[in-house]
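A short write-up of the structure that comes next.
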Amino acid sequence: MRILVCGGAGFIGSHFVKRQLAADEDVVVLDKLTYAGNPANLPDGTEFVEGDIAEASCLERVGTFDAIVNFAAETHVDRSILNPHEFIRTDVHGALVLAQAAEERGVRLLQVSTDEVYGDVEEGWSSREDDPIRPSNPYSASKTAGDLQVLASVRTYGLDACITRGSNTYGPNQYPEKLIPLFATNALDGASLPLYGDGRQVRDWLHVEDHCAGIELVLREGERGGVYNIGAGDGRENREVAQRIIDLTEADPSLLRHVQDRPGHDRRYSLDTTKLRGLGWAPRRTFEDGLAETVGWYRENRAWWEPLKSDEYRAYYEQQYASRLR
Ligand code: NAD
Ligand code: DAU
């Protein structure tokens, strides 16, 4: 099977590409190479087309394919609060362009989505696939709209598509703006760890390899029009994650700083994964082992992340954190 992987130069997409190549699948990557896209994430020789999923014409340059897996998105909540417009272009319009392309070619589309579409959930509840969708921020609202375009194409045009909704994912090669790579790299550099609000928000951390295994299974065995949650079912408060990173890096605990909260901050995510487990999926990594391995990877791979903390990054960091850290 020749798989078109959109957003394959990013964090999760590049792990998915490596997984498919290791299984001798034929893969072509389409990626716009935004600040989050990094050719160094891909093995040498990976077939690559630079292009924007919101422009249908770039699919002509890809040749034929048997399926699309769409990881391409603007993905960072804090950036979406500063500037939501690019999120609409890629996460909504881009998803629609890919839905139309898949429908025209008669191939399956797997749209990679997020647990954030459900909004935050009360203690004692885990979101099911048919729960109401109640996104809280511009990023999750855009991902929700992308999901709805895909599902509308299934119903209206007979598109063959599935959607996965994954929880917070961590592992090597994650751009150092998200909680775990930001705190790990800051701790290794002796810089502050800016914990939003009281730090008691809960995220369900999923190792990137477990996320990719779920996506692969749904691509092959998911029902047409099906939505599948992917989560490890092991929620942790952010303050616990921060403390573990301090311990693993042997950083000075005073680096931890409680700072002004994120506007609209979702308090808790939790997924019911009964449906995916019914296809035979289960997470393989514990958070303890996965986090230790991930922090070890950042310790050993400064050459990967130091260049990313560049001028553009510093400008973003200043805009995002300067007033919070004062
Ligand atoms: P990422 O930010 O690391 O990478 C996104 C990739 O998409 C980059 O390579 C970027 O260059 C590319 N891209 C952006 N706009 C594009 C466009 N218009 N056309 C083509 N390529 C474009 O993202 P990630 O964290 O790997 O997330 C991948 C997907 O998984 C996203 O759809 C995200 O919503 C979803 N997701 C992420 C997480 C998480 O915790 N990271 C959890 C659940 C779901
Ligand atoms: O839940 C899945 C989602 O997880 C994905 O769809 C998104 O693409 C991904 O960015 C992630 O969203 P979050 O907002 O949950 O991830 P982030 O790493 O930005 O933040 C995780 C938690 O840590 C959240 O409660 C906010 C908090 N946080 C984050 C940063 C960057 C801090 O306390 N300080 C920080 O500096």
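The values are calculated or read from the model by the stated rules, or taken from the named source; none is laboratory data. It should be emphasised that the depicted structure is a prediction, and the values quoted were computed from it without experimental measurement. Positions of Cβ are backbone-derived with ideal geometry, glycine not excepted, and every protein chain shown enters the neighbour counts. We work out accessible area using only protein heavy atoms, side chains counted, and drop any ligands, DNA or RNA first. Shrake-Rupley method; radii C 1.70, N 1.55, O 1.52, S 1.80 Å.
Points worth noting:
- The slack between GLU104 and LEU21, meaning 0.36 nm per residue of separation minus the straight C-alpha distance, is 27.2 nm.
- A 1.4 Å probe run over the chain, with the rest of the protein chains in place, finds 41 Å² accessible per residue.
- The count of lysine pairs in the chain with alpha-carbon distances below 22 Å, taking only pairs 8 or more places apart or on different chains, stands at 8.
- Result for the chain in a Gaussian network model with C-alpha springs under 10 Å: among LEU188, LEU82, LEU271, the largest mean-square fluctuation is at LEU82.
- Of GLN243, GLN111, GLN100, the one that fluctuates the most in a GNM where the chain has Cα springs shorter than 10 Å: GLN243
- FRET E, pair ASP130, GLU60, Förster distance 45 Å, beta-carbon r, rounded to 0.05: 0.75
- Taking all protein chains as they are arranged and a probe of 1.4 Å, the heavy atoms of HIS258 leave approximately 110 Å² accessible to solvent.
- Residue order for LEU291, LEU279 - accessible surface, 1.4 angstrom probe, largest first: LEU279, LEU291
- Computed from label points 7 Å out along Cα-Cβ, the spacing between GLN319 and GLU50 is 2.2 nm.
- Calculated FRET efficiency, ASP311 to GLU288, Cβ-Cβ distance, R0 = 35 Å: about 0.45 to the nearest 0.05.
- Put a plus charge on the Cβ of each Lys and Arg, a minus charge on the Cβ of each Asp and Glu, and nothing anywhere else: the dipole of the chain about its Cα centre is then about 400 debye.
- The overall shape of the range 249-290, judged from the alpha-carbon gyration tensor, is oblate: a/c is not under 1.5, and a/b is no greater than b/c.
- Within the range 95-144, the GluC sites (Glu not before Pro) that combine a DSSP coil assignment with at most 11 other C-beta atoms in a 10 angstrom radius are GLU122, GLU123.
- Neighbour net charge for ARG302 - beta-carbon separation under 11 angstrom, K R +1, D E -1: -1
- For ARG19, solvent-accessible area (1.4 Å; no DNA, RNA or ligand), Å²: 70 Å²
- 16 Å cut-off, amide nitrogen to a point 7 angstrom out along GLU250 Cα→Cβ, residues in the range 296-321: 296-297, 299-300
- Most fluctuating residue given options GLY63, GLY45, GLY290, as computed from a GNM of the chain linking Cα atoms under 10 Å: GLY45
- The range 1-115: C-alpha gyration tensor shape, a/c 1.5 cut-off, then a/b vs b/c: oblate
- Beta bridges assigned by DSSP with both partners in the range 176-281 are antiparallel in approximately 40 percent of cases.
- The chain - percent of accessible surface contributed by carbon and sulfur, probe 1.4 Å: 47 percent
- Antiparallel bridges, percent of DSSP beta bridges restricted to the chain (to nearest 5): 10 percent
- Under the shape rule built on the C-alpha gyration tensor, where the axes satisfy a ≥ b ≥ c, the range 148-271 is prolate, since a/c reaches at least 1.5 and a/b is greater than b/c.
- Point-charge dipole on Cβ atoms (K/R +1, D/E -1) for the range 1-56, about Cα centre, debye to 20: 200 debye
- Compared with the alpha-carbon gap, the fully stretched path from LEU279 to TRP304 is longer by 5.4 nm at 0.36 nm per residue.
- Dividing the helix sum by the residues of the chain, where each DSSP H run of 4 or more adds -39500 (n - 2.57), gives a mean residue ellipticity at 222 nm of -11500 deg cm²/dmol.
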